[in-house]
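Heads up: the structure comes next, in structure tokens.
The values are calculated or read from the model by the stated rules, or taken from the named source; none is laboratory data. Everything quoted here is computed from the prediction, not taken from an experiment. Glycine also receives a Cβ, built like all others from the backbone with ideal geometry; neighbour counts cover every protein chain displayed.
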Number of protein chains: 2
Amino acid sequence: MRGAVIHAPGDVRFETLDDPQILKPTDAIIRTAVTCVCGSDLWPWRGLDATEAAHPMGHEYVGFVEEVGAEVTAVRPGQFVVGSFATSDNTCANCRNGWQSNCLNREFMSTCQAEYVRVPNAQGTLVATDEHPAEESWPGLLAVSDVMGTGWYAADAAEVRPGSTAVVVGDGAVGLCAVIAAKEMGAERIIAMSRHESRQRLALEFGATDIVTERGEDGVARIKEMTGGIGADSVLECVGTAQATQQALHSARPGGYVGFVGVPHEVAIDGKELFFSHVGLRGGPAPVRRYLPDLIGRVLTGRINPGKVFDLTLPLAQVAEGYQAMDERRAIKTLLKP
Amino acid sequence: MRGAVIHAPGDVRFETLDDPQILKPTDAIIRTAVTCVCGSDLWPWRGLDATEAAHPMGHEYVGFVEEVGAEVTAVRPGQFVVGSFATSDNTCANCRNGWQSNCLNREFMSTCQAEYVRVPNAQGTLVATDEHPAEESWPGLLAVSDVMGTGWYAADAAEVRPGSTAVVVGDGAVGLCAVIAAKEMGAERIIAMSRHESRQRLALEFGATDIVTERGEDGVARIKEMTGGIGADSVLECVGTAQATQQALHSARPGGYVGFVGVPHEVAIDGKELFFSHVGLRGGPAPVRRYLPDLIGRVLTGRINPGKVFDLTLPLAQVAEGYQAMDERRAIKTLLKP
């Protein structure tokens, strides 16, 4: 089969690779329907995360089950399945508590920009749709496997409630999906912080009521102005830089919440400052599995359409251009078709 | 009148001071019934917080109203009142949200180890009892004004729920009161981390089900052992050092909560570590005013007896000995009688 391999910053190649095999009785092999490039894939692309040795890329996938290990009974060959970037047995103590992305047997997906993919912990990870969904639903379901599930968690961790005010920091695919989530959870006011016109448009289409273009402390000042001087009930941090984290923390009102889902890069939080802010904080890799059945339903009924974050579609063979377009902000998110 | 003044580390004197006066129409003057020394008072006593110029000390108080400003109608001279170390108008946006310790007009109390005290924002801060409480209730009501209210907030911020497992880091007066709070909120298992026998005894009397004497990562390992390998649902951090904060964060299970109420001293939280832990975190000066009516009721009905944290009672004139005894851990908390 063929798939993407990163060799160095800016060097992602479409190569012939060994076909994945069932290694454990809890594995499944799927044939990729569609996959994509994640904002977090840009960290090694940009050299901000080190690439010590060449390795496959990709952690987002939907597809058709090809083969299952002996212990996998929840899905069967031929079914269309949605999973999560973090695999989970869905039976351990953390899974039972709803934190499948902290499963005691977790393995992160990492080879999904390929024609076939091995999914560990398939029994607890994969959710099959009742029937094969129409191809126009695939992008939405693919979004659910990562960015939509992550945006949902951001809103959940930030305790968005009906009637509340939510601020979304970050206008990438996750931030845009976080707008969808905040709207679905009933936020009355959703302020998207974005300075890119195409992303602003999508944010408004997804349910944002206001756009703030200022960043950093200027952005915080605007949020304060818009929220009676005290800040927002919920802030959804979808970037992961130190600046975005500070912006998020300073934009929340005393007693408010920050949900942070951008993987933190060199972020240190001052204990005393957090203390006196009275802001509640929770982050992490989203427990997408917890939300999958609900989110798959919302996509298939057309209630939400997170697939719109894909504004560039390429053949999988052109995966490198998919990275490049996102790096240069020519695309929000690149869909890849095997 | 006379009161305590700190001049330098280890140098607290009982001195003649000007009688406090009504400075604003929202002030009240109270005659102190009892006051006390706080664990946080030990920071300047030990020289860990700088004392640039001599100043009065103390932020815990219960007493009798002597005089009120023109705008104060909620309490009247002669009443017995309980307040909070953070004054609040109880009408601003933060107060209405329940975060009175972040009142937009907040002033922290700082002169309470004295015979008379000026209370700013008296209207929103002071709660009068229906009648003069018996003198044996005074220590419990005094505890409510700070340590009991703070322990309650720790449990609240850590989202202690019926049937859950709570860990209390810190065996000072706040930690011991946090045990009371966790029990009142229905925790099934309450693990007190303490290595001092007298404090262990009180923790058990207050409702702790287990004592862990190990500290740091050894303590964390013990907690993991006791919680099926994953950590506790709720951790109540009642110290404020970097070590205690790490211990608290590492003791919580994925998806659990840390409520941190010890004022952080040189605490930096690593963003990536917090992220991957999935732990929710909230701290701050306790919004005691939110809890006052409830907690006063629990003390006056005898349901809780947080006054037991006072294991040394001295005349106010011996305030310096009160500090010294706490510093040397001869006393958990010193009650001072004017």
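Structure data summary
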quantity: Those residues of segment A:75-104 which are surrounded by 17 or more Cβ atoms within 10 Å (Cβ to Cβ) and small (Gly, Ala, Ser), in sequence order; calculated: A:83, A:84, A:86, A:88, A:93, A:101
quantity: Number of the condition not met by residue A:203 [criteria: (1) on the phi > 0 side of the Ramachandran plot; (2) out of contact with any Lys or Arg (no Cβ under 7 Å at 6 or more places or on another chain)]; calculated: (1)
quantity: Lone qualifier among A:216, A:228, A:240 - being within 14 Å of another protein chain (Cβ to nearest Cβ), of a type outside the set (Ser, Thr, Tyr) and touching a residue at least 24 places away in the same chain (Cβ under 8 Å); calculated: A:240
quantity: Given (1) assigned by TED's automatic domain parsing to the domain that holds residue A:33; (2) part of a loop (DSSP other than H, G, I, E, B), index of the condition residue A:160 fails; calculated: (1)
quantity: Count of residues meeting criterion [at positive phi and over 23 Å from the mean Cα position of the chain (by Cα)] in segment B:260-281; calculated: 1
quantity: Lone qualifier among A:51, A:91, A:73 - being outside any strand (DSSP E or B) and in contact with a His (Cβ under 9 Å, 6 or more places away or on another chain); calculated: A:51
quantity: Selection from segment B:104-131 of residues that are under 28 Å from residue B:18 (Cα atoms) and assigned to a loop (DSSP other than H, G, I, E, B); calculated: B:105, B:106, B:107, B:109, B:110, B:111, B:112, B:113, B:115, B:120, B:121, B:126
quantity: Lone unmet requirement of (1) over 29 Å from residue A:150 (Cβ atoms); (2) among the aliphatic types (A, V, I, L, M); (3) within 9 Å of another protein chain (Cβ to nearest Cβ) for residue B:203; calculated: (3)
quantity: Pairs with Cβ under 7 Å, 6+ apart, first in segment A:247-274 and within 11 Å of residue A:167 (Cβ to Cβ), second at pLDDT below 95 and of a type in the set (Gly, Ala, Ser); calculated: A:247/A:216
quantity: Residue that is surrounded by the most Cβ atoms within 10 Å (Cβ to Cβ) [pool: residues in segment B:250-290 that are part of a strand (DSSP E or B), within 7 Å of another protein chain (Cβ to nearest Cβ) and aliphatic (A, V, I, L, M)]; calculated: B:281
quantity: Any hit, segment B:179-187, residues being without any contact (Cβ under 8 Å) to a residue 24 or more places away in the chain, away from chain A (no Cβ under 14 Å) and over 28 Å from residue B:276 (Cα atoms); calculated: no
quantity: Sole residue being among the small types (Gly, Ala, Ser), in contact (Cβ under 8 Å) with a residue 24 or more places away in the chain and farther than 24 Å from residue A:297 by Cβ, chosen from A:70, A:93, A:50, A:128; calculated: A:70
quantity: Given (1) free of Cβ contacts under 8 Å to residues at least 24 places away in the same chain; (2) within 10 Å of another protein chain (Cβ to nearest Cβ); (3) not aromatic (Phe, Trp, Tyr), index of the condition residue B:294 fails; calculated: (2)
quantity: Residue check, residue B:58 touching a strand residue (DSSP E or B) at 6+ places or on another chain (Cβ under 8 Å), in a loop (DSSP other than H, G, I, E, B) and closer than 25 Å to residue B:140 by Cα; calculated: yes
quantity: Search result, residues across segment A:204-236 that are farther than 21 Å from residue B:102 by Cβ and under 20 Å from the mean Cα position of the chain (by Cα); calculated: A:204, A:205, A:206, A:207, A:208, A:236
quantity: Subset of segment A:259-274 [under 30 Å from residue B:105 (Cβ atoms) and out of contact with any Ser or Thr (no Cβ under 8 Å at 6 or more places or on another chain)]; calculated: A:270, A:272, A:273, A:274
quantity: Among residues of segment B:1-33, those that are in a strand (DSSP E or B) and in contact with a Pro (Cβ under 7 Å, 6 or more places away or on another chain), counted; calculated: 6
